[in-house]
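Here the structure comes first, spelled out in structure tokens, and everything after it is commentary.
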Amino acid sequence: MNDYTNFIGLGVAGNFALHLEQAGESADFKEVVTDDPNGPKGMFPFYIPNRNDFLGIYPLSHDTIILPQKTCNVQIEPEVALICDLSYDMLGNVIEITPQFFGAYNDCSLRIEGAPKISHKKNWGASSKGLSSTLIPIDRFGRGGIMDRYRIASFLRRDGMTMRYGEDVELSGYSYFYSKLIEWMTHQINTQGSTGPLEPISEYLREAGLPTQAIISIGATRYTHFGETNFLQEGDEIVVVVYDNNLYCMNPLMMMVNRGDLNQEGVSALVQKVVRG
């Protein structure tokens with residue numbers, strides 16, 4: 001897997017309709033006021049280079065999720081990640097976010113009540129997140145570009161069975177996408193304060209020396225009933241697939257997952273074994 005230790009890791013919360021409700025997290029945002037009730041609720045850090053607390057621990061793996069030592073529910077969050085370049089003005093404000101690649105991502109999360117910030121559920125150590133080692137170049141992050149034809153699906157393999165974990169959805173199903181997402185993220189990074197579960201991202205960027213590259217996960221999709229009600233166990237296998245819908249469709253994709261045959265054109269796949277810490 002590529003070394004992203006100098007990239008800042010950020011995520012978007014609430015960018016797919018009903019996910020927060022399914023995850024039992026909508027109440028966490030009761031203090032957060034947004035201009036658009038149907039838009040994302042905020043951004044959160046999951047990794048900050050050279051930081052001297054839990055957020056400074058590099059959490060990404062392309063093949064393993066290590067469960068926390070403390071017993072609690074842990075859930076897959078199937079997402080798309082953008083590998084982005086960041087540009088700043090003379091004051092250290094972000095002025096440009098340029099997505100260069102995209103791929104399958106697992107924003108694996110703890111389901112714990114009373115966490116003061118989103119980030120406390122996101123990084124519990126090494127191999128607590130997942131990013132595919134196969135990333136797809138972005139020709140243009142806008143309508144008419146490559147991402148128009150891509151979808152995301154996710155699965156859990158347990159005891160020899162493969163179950164759908166998240167809904168199979170178009171990337172265009174994100175509430176905010178393309179230029180609307182870029183504009184929102186730029187504003188959010190520069191203005192977000194420490195309100196409710198949110199944190200001051202701009203302060204963290206300055207503390208990290210204004211990193212010029214970022215991994216940004218743009219929001220978890222909705223769960224199937226199985227995904228909403230089942231949590232990770234030792235021995236499970238997680239599969240998140242971002243795929244070209246012009247080349248593949250739902251049922252053949254399931255057969256590819258069962259065969260472990262995901263190293264194909266037009267596919268960014270993340271397959272992680274779940275182990276106990």
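The values are calculated or read from the model by the stated rules, or taken from the named source; none is laboratory data. Given the structure is predicted, the values throughout are model-derived calculations rather than measurements. Positions of Cβ are generated from backbone atoms using ideal geometry, with glycine treated the same way; all protein chains shown enter the neighbour counts. What goes into the accessible areas is simple: the full protein's heavy atoms, side chains included, and nothing from ligands, DNA or RNA. Shrake-Rupley method; radii C 1.70, N 1.55, O 1.52, S 1.80 Å.
Do you know which residues across the range 99-125 are surrounded by fewer than 22 Cβ atoms within 10 Å (Cβ to Cβ) and of a type in the set (D, E, K, R)?
ARG111, GLU113, LYS117
Right, GLY160: open to solvent by 10 Å² or more (accessible area, probe 1.4 Å) and out of contact with any Ser or Thr (no Cβ under 8 Å at 6 or more places or on another chain) or not?
Yes.
Here is a list of conditions, (1) hydroxyl-bearing (Ser, Thr, Tyr); (2) open to solvent by 40 Å² or more (accessible area, probe 1.4 Å); (3) at pLDDT below 95, and TYR174 meets all of them except one; can you say which number that is?
(2)
So ASP139 clears everything in (1) surrounded by fewer than 16 Cβ atoms within 10 Å (Cβ to Cβ); (2) closer than 27 Å to GLU203 by Cβ except one condition, right? Which one?
Result: ASP139 passes all but (2).
What number of residues within the range 114-144 satisfy the criterion of being assigned to a loop (DSSP other than H, G, I, E, B) and touching a residue at least 12 places away in the same chain (Cβ under 8 Å)?
18
Looking at TYR58, TYR105, which one is under 30 Å from ARG158 (Cβ atoms), aromatic (Phe, Trp, Tyr) and outside any strand (DSSP E or B)?
Just a single option satisfies the conditions, and that option is TYR58.
Go through the residues of the range 125-142 one by one and say whether even a single one is over 24 Å from ASP3 (Cα atoms) and not hydroxyl-bearing (Ser, Thr, Tyr).
yes
So, in the range 63-98, of the ones that are more than 30 Å from VAL169 (Cβ to Cβ) and modelled with pLDDT of 95 or more, which residue ends up least open to solvent (accessible area, probe 1.4 Å)?
GLY92
Take the range 165-208 and flag every residue that is of a type in the set (Ser, Thr, Tyr) and under 15 Å from PHE44 (Cα atoms).
If the condition is that a residue be of a type in the set (Ser, Thr, Tyr) and under 15 Å from PHE44 (Cα atoms), then THR186, THR191, SER194, THR195, SER202, TYR204 are the ones that fit.
Pick out the one residue from THR224, THR229 that is within 30 Å of GLY42 (Cα to Cα) and in contact with a Gly (Cβ under 9 Å, 6 or more places away or on another chain).
Selected residue: THR224, the only one of THR224, THR229 that is within 30 Å of GLY42 (Cα to Cα) and in contact with a Gly (Cβ under 9 Å, 6 or more places away or on another chain).
Consider the range 39-55. How many of its residues are assigned to a strand (DSSP E or B) and under 15 Å from SER127 (Cα atoms)?
2
Please find, among ASP3, ASP36, the residue that is of a type outside the set (S, T, N, Q), open to solvent by less than 60 Å² (accessible area, probe 1.4 Å) and at pLDDT 75 or above.
Criteria check complete, one pass: ASP36.
Which of the residues belonging to the range 98-145 are aliphatic (A, V, I, L, M) and out of contact with any strand residue (DSSP E or B) (no Cβ under 7 Å at 6 or more places or on another chain)?
ILE112, ALA115
I'd like the residue in the range 165-194 that is touching a strand residue (DSSP E or B) at 6+ places or on another chain (Cβ under 6 Å) and among the charged types (D, E, K, R) and, out of all such residues, is farthest from VAL275 (Cα to Cα).
GLU170
What number of residues within the range 263-277 satisfy the criterion of being open to solvent by 40 Å² or more (accessible area, probe 1.4 Å) and in contact (Cβ under 8 Å) with a residue 40 or more places away in the chain?
Here the count works out to 6.
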